[in-house]
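**Q** Quick one: the structure is below, and I'll ask about it shortly.
Nothing in this text is a laboratory measurement; each read-out follows from the coordinates by a stated rule. Model, not experiment: these values are computed from the prediction. Using ideal geometry, Cβ is built from the backbone for each residue, glycine included, and neighbour counts are taken over all protein chains shown.
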């Protein structure tokens, strides 16, 4: 749940971003380092892409079902473009904290 709240996956501290998009190097409370190695954030990119496509699909399907049989394809195209441009930007910090939380849980299971 901490990942969804943009909080540190270890201690839950919420002020881990210096700006909306800029993640601090470490948690100010517990000193947990957020970046492990080059390529660490690829998982966050995958999460962001997956969530974006799910949101797009649900909006597209809802719009098609709501307007069938006279579907406004131009409107759907605009909805798709806006969704795929705006949502990933808004969701960016959440994808990072969700990825960190997933990584922390997964790494703990591997260490057992």
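**Q** Give me the distance between the Cα centres of the stretch 20-40 and the stretch 46-63, rounded to whole Å.
**A** The stretch 20-40 and the stretch 46-63 have Cα centres spaced 27 Å from each other.
**Q** Further question on the same structure: As a check on your grasp of the helix formula, calculate [θ] at 222 nm for the chain: sum -39500 (n - 2.57) over DSSP H runs of n ≥ 4, divide by the residue count, round to the nearest 500.
**A** Result for the chain, helices only: -21000 deg cm²/dmol.
**Q** Along Cα→Cβ, 7 Å out, is where each label goes; now give me the distance between the ones at residue 15 and residue 68 in nm to one decimal.
**A** 5.1
**Q** Return 104, 85 ranked ascending by Cβ neighbour count within 10 Å, so the fewest neighbours appear first.
**A** So the residues, fewest neighbours to most, are 85, 104.
**Q** Quick one: length gained pulling residue 1 to residue 58 fully straight, 0.36 nm per residue minus the C-alpha distance?
**A** 18.2 nm
**Q** Along the Cα-to-C-beta direction of residue 92, a point sits 7 Å from the Cα; which residues of the stretch 1-25 have their amide N less than 14 Å from that point?
**A** 17-24
**Q** Mean separation of Cα pairs under 8 Å and 6+ residues apart, divided by the residue count of the chain: what relative contact order is that in percent?
**A** 39
**Q** Which value in nm describes the separation of the simple spin-label points at residue 22 and residue 84, placed 7 Å from the Cα toward the beta carbon?
**A** Going by the 7 Å Cα→Cβ label model, 3.1 nm.
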